[in-house]
Every structure is written in structure tokens, then in C-alpha cells.
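One structure is given below, encoded as C-alpha cells.
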Amino acid sequence: MPIRRAGVAAERVLGAGGVRPAMPIQRAAVAAERRRERSRTGGNVRALSPRRTENPTEQAVAETASLEDARRAAGGTGSSDPLVAGLRRAGLLRLLVLHLCGQEPCYGNQLMDRISGLSGGLVAVNPNTMYPLLRQLEADGLIRGEWEHPERRSRRFYRLTEAGEDERVRLAGALEPRLDAAAEAIAAVRRELRTGA
């Protein structure tokens, strides 16, 4: 009676000890290849060959790069960018939103454009980051939002509150040393590149 195991057909063969699967030619070839790989890699078979499964989805997952490798390969700016990541974690985006809302009433897309322009594209913000931040700042009482046309809910303009101004001042003080350090590091790299050639 045939059974399926690891994508290879095997037969049940009665032996002295009971039931054992026979090894068809395909399994013998795979086993021989694995032995050769073990001898080349010092026993680490997985280093050379990905896990094989019958399920195409499982096979695709087994052959994909790790999440860390994918993040490294993606490159670009954002929270994984070492130049900006520490500043973002320290509250740079929050500070910029509070600062811009303190200058004039702003809406979400306008804030994203202004932050990208102000930072020369180093601080990239998408709606999935901006709108939850705006809702959180409003819930914390740091900004106050009003609809441009309340009956249509077209744009929501945000203004800084008194508590928001206090938080803006606190964040600016906390981030100033980090911004100074980043500026000094960039200036040192520029000096080296100009004089070191």
C-alpha cells in the first residue's frame, strides 16, 4: 500500500521488525546528495540547500530571505536609517508636528509635505504614521483639530494648544544635543571628503 512522505512515494514493506518504508530510487539519490553536502559543509546540510516541502507556499517561505536581510537590502531613509532613526525615536516627528502646528493651522497632508521639504527628504512620513500621531496628539490635548467644512469633513486643521507649546519646548530642549551631534558628524564627514581626496 503506497504512502506519501516528504514528497516521495514509499511502499510499506513488512520486515522482521514490523513495517518499514522502502527507499525508492529518488529517495536514494536525495540521500546520496545530502551525504555529499554534509561532507562539503562539515555536516551543515541546511547551509547549501533550502528545506523542500510538498506545499508550494511553505517552499516559497523556506526560500525567502530573513526579515533582517530584507530590511538591510531595502536601504533608503526612514526609521531604519541610522542617521535619522535615533532622532525619530527621541521624538523628532512629534516635535516637528508641534512646531509646524504652532506656526499656523495645518492639516495632515500639508504636514507630511512640509516635514519632507524641511528635512530634505530625510524624514519621510506616510499617512499611516501621520494620522495616528495627529489623533494621539489631539487625545493628549497637545493640538486641537477643527474641520475646514464641518458639514463635509474635508480637511481637519490642527492648532497647537498651551499644553502643546510646553511639550514642544520640552522636546526641543531634549533633541537639541542630538541634532547638534548629527550636524557635527555630517560636517566632519564633509570636511574629510573635501580634504582627504
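Nothing in this text is a laboratory measurement; each read-out follows from the coordinates by a stated rule. All of these numbers come straight from a predicted model, not from anything done at the bench. Virtual Cβ from ideal backbone geometry, glycine too; neighbours counted across all protein chains shown.
Go through segment 150-178 and give me each residue that's within 13 Å of Tyr107 (Cα to Cα) and out of contact with any Cys (no Cβ under 8 Å at 6 or more places or on another chain).
Within segment 150-178, Arg153, Ser154, Arg155, Arg156 qualify.
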Quiz item: When Tyr158 is evaluated against the numbered criteria (1) in contact with a Gly (Cβ under 6 Å, 6 or more places away or on another chain); (2) assigned to a loop (DSSP other than H, G, I, E, B), which criterion, by number, is the only one it fails?
Solution: (2)
Quiz prompt | Candidates Ser154, Ser119, filtered to the one that is surrounded by 10 or more Cβ atoms within 10 Å (Cβ to Cβ) and out of contact with any helix residue (DSSP H, G or I) (no Cβ under 9 Å at 6 or more places or on another chain) | solution = Ser154
